[in-house]
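Novice: Mind having a look at this structure? Questions to follow.
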Amino acid sequence: MPRKQTIMPTSAKGNSVGSWAFLIGVVLAVVIGAGLIAVSSTWIMILALIGVIVGLLNITSNETSSFLMSGAVLIIASSLGNNELGSIKIVGGVLNALLAIFVPATIIVAIKHVFVLARN
């Protein structure tokens, strides 16, 4: 029977910590970006820490290429979208908050992938 595909990325080990971190991070990014919680350096650091957790625990070797491509596209689109749509406060806030999660996650996954390539 084929495995059911989920929206949230999960690891082969069934790591629920990484899955929950991803979900909480995206929801928190939307809440912070929408202005429901005041943006502060503490909240940005929490989002970045969530990104590190997602990058370390959530992405398997089979998902690396897809995640890096998706992460790069998300980072570029969020950055450029913020330049164009940043004047709409909610949109700009959400895009910045998503960047705070996905930049560290993408960097961690890329570093892990480089180590795998160097080992082979």
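The values are calculated or read from the model by the stated rules, or taken from the named source; none is laboratory data. No experiment lies behind these values; they were computed from the predicted model shown. Heads up, the Cβs are rebuilt from the backbone with ideal geometry, glycines too, and the neighbour counts pull from every protein chain shown.
Novice: Restricting attention to the range 89-111, which residues are at pLDDT 90 or above and loosely packed, with under 15 Cβ neighbours inside 10 Å?
Specialist: The one that is at pLDDT 90 or above and loosely packed, with under 15 Cβ neighbours inside 10 Å: ILE111.
Novice: List pairs: first residue in the range 52-81 and at positive phi, second residue buried (at least 17 other Cβ atoms within 10 Å of the Cβ) and in a loop (DSSP other than H, G, I, E, B) anywhere in the structure, Cβ distance under 9 angstrom, at least six positions apart or on different chains.
Specialist: none
Novice: A follow-up question, please. How many residues does the range 77-120 contain that are closer than 19 Å to VAL54 by Cα and not charged (D, E, K, R)?
Specialist: 23
Novice: Could you list, in sequence order, the residues of the range 17-35 that are modelled with pLDDT under 90 and loosely packed, with under 14 Cβ neighbours inside 10 Å?
Specialist: Passing the criteria: VAL17, GLY35.
Novice: Here's a follow-up. Out of all the residues in the range 78-88, is one or more among the acidic types (Asp, Glu) and closer than 21 Å to TRP20 by Cα?
Specialist: Within the range 78-88, not a single residue is among the acidic types (Asp, Glu) and closer than 21 Å to TRP20 by Cα.
Novice: Restrict the check to the range 52-59 and report whether at least one residue is at pLDDT 90 or above and over 22 Å from TRP20 (Cβ atoms).
Specialist: no
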